[in-house]
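Single-structure report; data block below.
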Amino acid sequence: MKSILSLEQPILVMIVLYLTLLLLILIRIKIHINRKVKEKYEVGASMTIGDREIQEDNYNFIESDNGFLAVLADGMGKKFGGKISSQIAVNTFIELFEQFNAFDNPNYFFQKAFNLANKEI
């Protein structure tokens with residue numbers, strides 16, 4: 001009787017370990033599936049002119065299958081085209097985000113977007 005129990009014990013341990021492994025794999029799959037479900041959110045914006053004559057700041061946001069990007073550019077320069085330059089910067093980021101998957105390599109995306117916006121301005 002003792003020899004039968006000693007043989008069954010390792011088998012039971014192996015069965016428990018396999019079931020635990022299966023459970024962990026199922027949990028991982030469930031988490032992965034839930035990450036793909038997009039969260040719903042609201043986006044809002046507000047601008048205040050303050051004591052300035054012209055609001056030179058610009059913003060925009062875009063959502064794609066790859067994610068969400070919000071861009072804010074502070075226009076500076078009054079007579080030197082701050083409003084135009086901030087609009088060019090925002091448009092450059094948005095257009096580049098539409099063309100590339102920024103989340104594959106975010107450092108490259110932002111470096112390219114900053115350089116391209118600077119060149120356009």
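Here, each number is a calculation from the coordinates, and none is a lab measurement. Quick caveat: nothing in here was measured; it's all calculated off a predicted structure. Note that we place each Cβ from the backbone using ideal geometry, even for glycine, and neighbour counts take in every protein chain shown.
Partner aspartates and glutamates whose Cα lies under 16 Å from the Cα of Lys112, excluding those fewer than 8 positions away in the same chain, are identified as Glu95, Glu98, Asp104, Glu120. Each residue of segment 113-121 is assigned a 3J(HN,Hα), and the resulting list reads 5, 4, 5, 5, 5, 4, 5, 5, 5 Hz, derived from the Karplus form 6.51 cos²θ - 1.76 cosθ + 1.60 (θ = phi - 60°), x at Gly and Pro. If you plug the beta carbon distance of Ser46 and Asn101 into 1/(1 + (r/R0)^6) with R0 = 22 Å, you get a FRET efficiency near 0.15.
Once the Cβ-Cβ distance between Leu72 and Arg28 is put in as r, and R0 is 25 Å, what FRET efficiency do you end up with, to the nearest 0.05? About 0.10, to the nearest 0.05.
For Asp57, the residues whose modelled amide H falls within less than 5 Å of its own, excluding neighbours fewer than 5 places apart on the same chain, are Gly75.
With a ≥ b ≥ c taken as the square roots of the eigenvalues of the C-alpha gyration tensor of segment 43-121, please select rounded if a/c is under 1.5 and otherwise prolate if a/b is larger than b/c or oblate if it is not?
Values: a/c = 3.22, a/b = 1.62, b/c = 1.99.
Oblate.
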